[in-house]
1. Listed highest first by mean packing, meaning other Cβ atoms within 10 Å per residue, what order do 113-121, 193-201 come in?
2. What FRET efficiency, computed as 1/(1 + (r/R0)^6) with R0 = 25 Å and r the Cβ-Cβ distance, is obtained for Lys206 and Asn57, rounded to the nearest 0.05?
3. Using the beta-carbon distance between Ile7 and Ser117 and R0 = 30 Å, what value does 1/(1 + (r/R0)^6) give for FRET efficiency, to the nearest 0.05?
4. Which whole-number percent gives the relative contact order of segment 162-231, counting Cα pairs below 8 Å spaced six or more residues apart?
5. Starting from 0.36 nm per residue, how many nanometres of slack lie between Gln179 and Ser91 once their C-alpha separation is accounted for?
6. Using only alpha carbon pairs under 8 Å that are at least six residues apart, calculate the relative contact order of the chain and give it in whole percent.
7. Working from Cα positions, state the angle (0 to 90°, nearest 10) between the long axis of helix 144-158 and the longest principal axis of the chain.
8. In degrees, nearest 10, range 0 to 90: what is the angle between the Cα axis of helix 3-20 and the longest Cα principal axis of the chain?
Amino acid sequence: MDKEKLIDMFKLQDELNKKINENWLKFRRKEDFVRAIWTECGELVDSLPWKWWKKQNADINNVKIELVDMWHFIMSYILLDYPEYNRAVESEYIKYMDKGLNENYEHLEINPVYIHSYLRRVNTTDRLIYSIERVVEGFLSENIKQAMFFYGLAINRVMDFDEMYLLYVGKNILNHIRQEFGYKEGKYIKEIKGIEDNKYMFEIVKQVKSKDELEKMLRDKFKEILKVNSES
């Protein structure tokens, strides 16, 4: 993983958290972020065709978005332990995430039964769901190395680090836009012409290659569509 991009994401997350509450490090607790993480995990699993009683196709684009949503809260959790960005990206938590991203199974402080169980699963849906369940279990039991390793494995199934970075930056910008248009006060409506704002963001991310280009395109697009939404 690119260290500069990691530091940038931790900085962006801290700035977003401060936009919501300047003293978030003082007032937020780890259990707040754990609850947010497992909520996002549930939404991710619902994007996959695990329900035997109905026909469903995998929505991999939404899986990517939910993984990035989780990353917002995972970084916030890590910042409670390591408020300095450099220390955060050099922490054991990030090292275990990197191991998962690269499918490096050596020297892990993780129950080997979990590793064997993961490797026995052969399709993407089964591996994603198993990984996400281990992420939830890890955070709830404060086994963060396990959680971060399986989070890295989940990312590995659907995208590379550079795509994750651009998606995170896009969602971070969207979260700023939401706050600026009254999300915290209940004024912002996430559905625009029947389509969730995440989907607009995702389509824009696919068109760009740099962070600066992404912010300009996102802000221009949302300025346009939010104006139309308010007039309709």
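Only the coordinates and a few stated rules stand behind these numbers; no lab work does. Just so it is clear, the model here is predicted, and its values are computed rather than measured. So basically every Cβ, Gly included, is an ideal-geometry build from the backbone, and we count neighbours across all protein chains shown.
1. Working: 113-121: 13.0, 193-201: 14.7.
In descending order of packing, they fall as 193-201, 113-121.
2. Working: r = 19 Å, r/R0 = 0.77.
Computed FRET efficiency for Lys206 and Asn57 comes out at 0.80.
3. On the way: r = 34 Å, r/R0 = 1.14.
About 0.30, to the nearest 0.05.
4. Details: 38 pairs, mean separation 27.4, N = 70.
Once normalised by length, the contact order is 39 percent.
5. On the way: separation 88, 0.36 × 88 = 31.68 nm, distance 3.01 nm.
28.7 nm is the gain from fully extending Gln179 to Ser91.
6. Numbers: 228 pairs, mean separation 48.5, N = 232.
Dividing the mean separation by the residue count of the chain yields 21 percent.
7. The two axes meet at around 70 degrees.
8. The angle comes out at about 50 degrees.
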